[in-house]
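Report on the structure given below.
The values are calculated or read from the model by the stated rules, or taken from the named source; none is laboratory data. As the structure is a computational prediction, the values presented were derived from the model and not from experiment. Using ideal geometry, Cβ is built from the backbone for each residue, glycine included, and neighbour counts are taken over all protein chains shown.
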Amino acid sequence: MRLSTRIGLAVGLTVPLLVLASGWLLLRLVARDLHQEEDAHLRRQAAAVLPDARSVLRAAAANRPDAEDNRERKLYSAALDVGVRVEGPVGTFQGGPQPPATVTLPARAPAPVTVRAAGHGWRSLSQDLSLKVKGSRVTGTLWVFQPDTADRTQVALVRRRVVMTALLAAPLSGLLAWGMATGATGPLRRLGRRTAGLDPRTSAARPLHEPTGVHEVDELAATLHTVLARYDEQAARTAEALETARSFSAAASHELRTPLMSIGTNLDILGDHPDLPDPDRAEVLTDLRREHARLLGLLVMLRDLGRGDLVEAEAFGRVDVAETADAAVGEARRRDPGARVALYAEPGLVVHGWEPGLRLLLDNLLGNALAHGRDARGRAEVAVGVRGTGTEVRIVVADRGAGVGPEARAWIFDRFRRGPGSAGSGLGLTLVAQQAALHGGSVTVADGPDGVGACFEVRLPRSGGTLPDRRDWLIATVGANRSQGSHKDGS
């Protein structure tokens, strides 16, 4: 059922009920006013005929028939449109409209009451008559009656008109409400027609809504646009996630082929030569352990790249960079007790970031420095600095190794790029570049202090940046739009 039809039916049923309720109240008020007017008239007539009633009662008690007749005629003339009844010890005198004599009247009725008999009703009022006749006290009662036929006629007339008004109000109010509702819901129907054939799965077209002046319709259109925009965003993220998963599978299968083949070859050697000499067997086992470590490291790096590609903005919050750097340096010292790793950090440097991602960035920079930042005597000296500059936080990791050649700075942050003799996965510095980009920052590499070794510098905005529209670190290379640098990746 259409909304306009529902409104029309609702109004068509509600209005007659309201008319009937109002009519019932009106009937009560009219009936009360008529009774009050009738009772006031009854009291005025009772006061007017009271002297003549006493005269009639006095003449009857004095046994004066002629005077009694004259007084009685005068009483009936004064009564006009009401009925009167005088009850005394010597008889009853009555005239005008009143209940039959067989109807039992109340003992007293100082206030008007209703007396009914044979389907008729009268408003009745009594007055005490007390007087002295020839030294004797005579008592009686004056009754004044007025038929309530006129009142009932007027109340019935009002009742019929109320019912007739309710019967007419039902269709008229329903049609009027239906017409108004149809006009009011016109913008809603037009919005429905524009969106009826919309399929966000197969088409990127979106309905263009023009303000209608109807707040609810405009609000619904805005909500629809918001829902479609969120659908498009989630569909894009889903497609990106699927593409990332496919690329992850392809990259993993490509990079895992070499270590797996090497592991398979070594296993074949061990299986085919059970009597292999101990030195050769030890060499094969060492090779197996190295390939196993490389395989495990590659899987971990691929997993971390996938997490970075799929992280949502809700995961970002306040991160103390100095505390994160202190934790990363402590872990590096534990992994390589012989290395000298120094930390120079200003306290209270907070950025809006993803804490696991920033820790991953620091771990890979330190791992890269420990693997390739050793001097000619094999000693590793790494200096880590964290300081604030205006709206940025700068992280510097410097070593005393062989340094970086300028020719390598164009590709060092690309995935699966390893320097000569590197046993790493080729993804450590790619993870550094990914996390710097996710936080709206950048990473660069230059010569170390005094021109010795390499110095990586990461710049992060304190307020954080917006996440990139597209994150494809598992799919594409770093490219010219990402930070460039050079170093042998040992992560």
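So that you can scan it fast, the table gives a plain yes or no per residue for (1) over 21 Å from Arg459 (Cβ atoms); (2) assigned to a helix (DSSP H, G or I); (3) β-branched (Val, Ile, Thr):
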| residue | (1), (2), (3) |
| --- | --- |
| Ala328 | no, yes, no |
| Gly348 | no, no, no |
| His352 | no, no, no |
| Leu366 | no, yes, no |
| Ala369 | no, yes, no |
| Val382 | no, no, yes |
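Scanning region 272-279 finds no residues that are buried (at least 17 other Cβ atoms within 10 Å of the Cβ) and on the phi < 0 side of the Ramachandran plot.
The set of residues in region 91-130 being touching a residue at least 24 places away in the same chain (Cβ under 8 Å), farther than 26 Å from Arg73 by Cα and among the β-branched types (Val, Ile, Thr) consists of Thr114 alone. For Leu362, the criteria (1) in the same structural domain as Val432 (by TED's automatic domain parsing); (2) part of a helix (DSSP H, G or I); (3) without any contact (Cβ under 8 Å) to a residue 24 or more places away in the chain hold in every case but one, which is (3). For region 103-128, filtering for residues that are closer than 17 Å to Gln45 by Cβ, of a type outside the set (Gly, Ala, Ser) and part of a strand (DSSP E or B) leaves 8.
In this structure, Thr265 does not satisfy being among the β-branched types (Val, Ile, Thr), assigned to a helix (DSSP H, G or I) and closer than 30 Å to Arg462 by Cα.
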